[in-house]
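Q: After the structure tokens below, expect a handful of questions from me.
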Amino acid sequence: MLQKTFAHSLRLDAGQLCAVERGTRGPLDAASLERAAALLSLSASERRELEWAARHDRLVKHAIREGAWRDEVELYSLCLEALHNLRPEQRIGLVQLVRRFNDSAKELASLTPVNRDMEDLP
């Protein structure tokens, strides 16, 4: 199927679809994703992956629009992906791990002098 035909089947023009593919436009909405999945004859598992990828991209793009730093966005994306790759009963373990890491980070930060210039470091 030609890209233009595929785009029109999704009720988009070819330029819009191209922008989605390049990542310069956000992911397709739920209705367009459903039409794409049907046109591509995706299995239920493939549809779930497509929906997850779109949800992930929407969340990451929102963080970027809100001014998140690059390392914040990367960590956010990695945590979302880790959650996605775990079974539901395993997810609590990841949440607990991140909580422990956060507690450790706070403790480490409390041991570091607050107003110390970098040139004062040994």
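Q: Condition first: out of contact with any strand residue (DSSP E or B) (no Cβ under 7 Å at 6 or more places or on another chain), within 30 Å of Met1 (Cβ to Cβ) and free of Cβ contacts under 8 Å to residues at least 24 places away in the same chain. Can you find one or more residues in the range 70-88 that meet it?
A: Scanning the range 70-88, I find no residue that is out of contact with any strand residue (DSSP E or B) (no Cβ under 7 Å at 6 or more places or on another chain), within 30 Å of Met1 (Cβ to Cβ) and free of Cβ contacts under 8 Å to residues at least 24 places away in the same chain, so the answer is no.
Q: Still on this structure, I have one more. Yes or no: the range 96-112 includes at least one residue that is surrounded by 13 or more Cβ atoms within 10 Å (Cβ to Cβ) and more than 21 Å from Gln3 (Cα to Cα). Step through it out loud before you land on a result.
A: Of all residues in the range 96-112, those surrounded by 13 or more Cβ atoms within 10 Å (Cβ to Cβ) come to 98.
Still in the running and more than 21 Å from Gln3 (Cα to Cα): 98.
Within the range 96-112, one or more residues are surrounded by 13 or more Cβ atoms within 10 Å (Cβ to Cβ) and more than 21 Å from Gln3 (Cα to Cα).
Q: Which of the residues that make up the range 74-94 are loosely packed, with under 11 Cβ neighbours inside 10 Å and either closer than 23 Å to His62 by Cβ or in contact with a helix residue (DSSP H, G or I) (Cβ under 9 Å, 6 or more places away or on another chain) (or both)?
A: Start the filter on the range 74-94 by keeping residues that are loosely packed, with under 11 Cβ neighbours inside 10 Å, which leaves 78, 85, 87-89, 92-93.
The answer is Leu78, Asn85.
Q: Could you check Gly67 against (1) surrounded by 12 or more Cβ atoms within 10 Å (Cβ to Cβ); (2) over 23 Å from His84 (Cα atoms) and say which number it fails?
A: So Gly67 meets the others, but not (1).
Q: I'd like the residue in the range 1-27 that is over 27 Å from Ile64 (Cα atoms) and of a type in the set (Ser, Thr, Tyr) and, out of all such residues, is surrounded by the most Cβ atoms within 10 Å (Cβ to Cβ).
A: It comes out as Ser9.
Q: Also, I was wondering about something else. Would you mind finding the one in Ser32, Ser45, Ser41 that is touching a residue at least 12 places away in the same chain (Cβ under 8 Å) and hydroxyl-bearing (Ser, Thr, Tyr)? Show your work before the answer.
A: Values: Ser45 fails: touching a residue at least 12 places away in the same chain (Cβ under 8 Å); Ser41 fails: touching a residue at least 12 places away in the same chain (Cβ under 8 Å).
Of the residues listed, the single one that is touching a residue at least 12 places away in the same chain (Cβ under 8 Å) and hydroxyl-bearing (Ser, Thr, Tyr) is Ser32.
Q: I would also like to ask the following. Scanning for something under 25 Å from Asp13 (Cβ atoms) and acidic (Asp, Glu), does the range 65-74 turn up at least one residue? Explain how you work it out, then say what you get.
A: Of the range 65-74, the ones under 25 Å from Asp13 (Cβ atoms) are 65.
Filter once more, so that each one left must be acidic (Asp, Glu): none.
No, the range 65-74 has no match at all.
Every number in this text was worked out from the coordinates using simple rules, so none of it is lab data. In this text the structure is predicted, and so the values were computed from the model without any measurement. For neighbour counting, all protein chains shown are included, and Cβ atoms are generated from backbone atoms with ideal geometry for every residue, glycine included.
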